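What follows is a short report on a single structure.
The values are calculated or read from the model by the stated rules, or taken from the named source; none is laboratory data. As the structure is a prediction and not an experimental result, all values here were calculated from the model. Ideal geometry is used to build each Cβ from the backbone, glycine not excepted, and the neighbour counts take in all protein chains shown.
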Amino acid sequence: MRLELDVGNTRIKWRLCDHRGSYESGLDLKAIAKEKPSWWSLVETVWVSCVHEEQKNWIKEQFPQAQFAHSQVSQHGLSNSYEDPHKMGVDRWLSMLAAWTTKPDEAHIIVDAGTAITIDFVDAFGRHVGGYICPGFDMMKNGLLSGTSNVHAQQQWQVGRAPGHSTQQCVDHGIQDMVVSWIERHHNLQPTANIWMTGGNAQALASLLTEPVTLTPDLVLDGVQAYFSK
């Protein structure tokens, strides 16, 4: 029995697998840790993507057999553009690896819309040609509201990108339209590229794009499988 973990900045996403494939998953491993479900002690293999050091120590305590993925110079025909490849966030590397191994010899745009929004570009030769990291939706909104005295909006989001008719819409639609326009601009530069989208805000973001999107909530975990596959 194998446990696959995607350890982000705010939660530990998990997927339990056996020889037949995935059969149980969840969004917050720590939420069930105190209960220790029946499968907990049966886990033999643990594959991990981790971008949070404190969470990493907790995982090691719970699962001493855990194996941690690391960004590579190259793997499965995918090459890293970083001068020091190990400094790339492993979640970004694994998301690209999942996209590339699923559709090799094609260009890809990989968007992770979580706490931060990352966009990475892979060409049809498997070369990572660069990427971006910017604040996520909530971070942008909180930054705007905390930095202004006369702009007020609720924390819940109104999904859309049309010009707003209230402060709430102006804030929410403005942020979303800015991010969507950013993605569309880069897709226009490489129109044959597949767009992959993952992360907590991926579904809302994908609904605003006119281009076809492969919405894959477990893209990092799929990359974990590709990483540890021989």
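Computed values, structure above
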item: Some residue of the stretch 174-181 being over 17 Å from LEU219 (Cβ atoms), acidic (Asp, Glu), part of a helix (DSSP H, G or I) and assigned by TED's automatic domain parsing to the domain that holds GLU211; result: yes
item: Check on GLY131, surrounded by 16 or more Cβ atoms within 10 Å (Cβ to Cβ), touching a Gly at 6+ places or on another chain (Cβ under 8 Å) and not basic (Lys, Arg); result: no
item: Residue list for the stretch 173-230, filter: among the β-branched types (Val, Ile, Thr) and surrounded by 15 or more Cβ atoms within 10 Å (Cβ to Cβ); result: ILE175, VAL179, VAL180, ILE183, ILE195, THR198, VAL213, THR214, THR216, VAL220, VAL224
item: Some residue of the stretch 56-77 being at pLDDT 95 or above, acidic (Asp, Glu) and either within 18 Å of the chain's Cα centre (by Cα) or farther than 27 Å from VAL213 by Cβ (or both); result: no
item: Inter-residue pairs, beta-carbon under 8 Å, first farther than 21 Å from ALA162 by Cβ and assigned by TED's automatic domain parsing to the domain that holds THR102 and in the stretch 200-216, second among the hydroxyl-bearing types (Ser, Thr, Tyr) and at pLDDT 95 or above, 6+ apart; result: LEU215/THR198; THR216/THR198
item: First in the stretch 35-48 and farther than 16 Å from GLN225 by Cβ, second anywhere and polar (S, T, N, Q) and modelled with pLDDT of 90 or more, Cβ under 9 Å, 6 or more apart; result: TRP40/GLN62
